[in-house]
Amino acid sequence: MFSEELEKISWEETTREIYAKTDEDVRRALGKRHLDVEDFKALISPAALPYLEVMAQLSQKYTLERFGKTISMFVPLYITNSCTNSCIYCGFNHSNPMKRTILTEEEMVNEYKAIKKLAPFENLLLVTGENPAKAGVDYIERALQLAKPYFSNLQIEVMPLKAGEYEQLTHAGLNGVICFQETYNKANYNLYHPRGMKSKFDWRVNGFDRMGQAGVHKIGMGVLIGLEEWRTDVTMMAHHLRYLQKHYWKTKYSVNFPRMRPSENGGFQPNVVMTDRELAQVTFAMRIFDHDVDISYSTRESAELRNHMATLGVTTMSAESKTEPGGYFSYPQALEQFHVSDERKAVEVDAALRILGRIPVYKDWDQTFDQTIRV
């Protein structure tokens, strides 16, 4: 399990190593086609900032080689905001006074139909809070079964499950699982997750092993930028990615770098702020580090930034996202988990990408990438 590997990696020492990287280390990393984690540290270090243009060119080169000009489009649907966790940065915090919604089967189908009217989406991400008693595995399984007639590729972002439960969901049409570790800093993890199942660090970080053991086709990873030193956190994620690729080599992987957005639980202020320039840096570094990994940007980011990065390394984007349960049809005024930044309609995102020479695609991610036109 990865928790055992993580015990061997010092957070403090990793931070020191990143900030000790030199110009020579950066140039050495840029000269290699196959990088290790030490090279990744160099590319996300302050020493790499003067090389951002070179990194952008390399990132674009590797992205075009592997993915062509395609941008895979997906849409998230929150099916419940009921949650037993007390994450201090989240609008769904159990202590936050708000109406809790668990969509009925009829409401789910109405949402699916409404989404299909926005754009020809085939990639759907089902999102829940963490309340296994009221919206557990059987509820998620039924949501997947109801979604199958409308979407060809189904992913979930839910509470970590047992390996057998992930396997159960694959039989209901599940293609992929996204889980944000939030932070790999175990020493501070419970400051942000004081109560609920999410407070169990090892259970969460080992959830990725259970996904791999269950044969989940695609695993999505991410850290929440704003909690801890971002350079150290994404380095830990790079270690985790390499570990998973070694042990579950048949699985495909994606990464995301969500920056903290305002939520209805507005008392928490980010400890760390990542600039647009730094987000670009880590995106380029990840692409140079791993040519095959899918890099996703959500509507947390601005339209301008998403347009720019679509030509330089990003391969998947959401569009017209609603972060409240039933936000597409049933409950358009419900409380959001966080406020989106890119508020464009799906058709507007599509048009903007085409102007940039990108090809928005709505079918299955992996079919798209396997059949992409090389340039």
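The values are calculated or read from the model by the stated rules, or taken from the named source; none is laboratory data. No experiment lies behind these values; they were computed from the predicted model shown. Methodologically, a virtual Cβ is constructed for each residue, glycine included, from the backbone with ideal geometry; neighbour enumeration extends over all protein chains shown. In case anyone asks, the SASA skips ligands and DNA or RNA and just uses the protein heavy atoms, side chains included. Shrake-Rupley method; radii C 1.70, N 1.55, O 1.52, S 1.80 Å.
Can you tell me which residue is surrounded by the fewest Cβ atoms within 10 Å (Cβ to Cβ) among those in region 86-135 that are closer than 19 Å to Glu182 by Cα and β-branched (Val, Ile, Thr)? Write out each step before concluding.
Of all residues in region 86-135, those closer than 19 Å to Glu182 by Cα come to 86-94, 125-131.
Subset that is β-branched (Val, Ile, Thr): 88, 127-128.
Values: Ile88: 15, Val127: 19, Thr128: 26.
Here the residue is Ile88.
For Lys21, indicate whether it is over 25 Å from Val314 (Cα atoms) and crowded, with 20+ Cβ neighbours inside 10 Å. Judged against the criteria, Lys21 is a match. If you check Asn110, Asn131, Asn85 for being in a loop (DSSP other than H, G, I, E, B) and either on the phi > 0 side of the Ramachandran plot or in contact (Cβ under 8 Å) with a residue 60 or more places away in the chain (or both), only one passes: Asn85.
Inspection of region 275-287 identifies no residue that is over 19 Å from Tyr51 (Cβ atoms) and in contact (Cβ under 8 Å) with a residue 40 or more places away in the chain. For region 24-60, give me each residue that is touching a Leu at 6+ places or on another chain (Cβ under 8 Å), open to solvent by 40 Å² or more (accessible area, probe 1.4 Å) and without any contact (Cβ under 8 Å) to a residue 40 or more places away in the chain. Scanning region 24-60 gives Tyr51, Val54.
Considering region 295-310, the residues that are open to solvent by 10 Å² or more (accessible area, probe 1.4 Å) and touching a Lys or Arg at 6+ places or on another chain (Cβ under 7 Å) include one that is farthest from Arg354 (Cα to Cα), namely Arg300.
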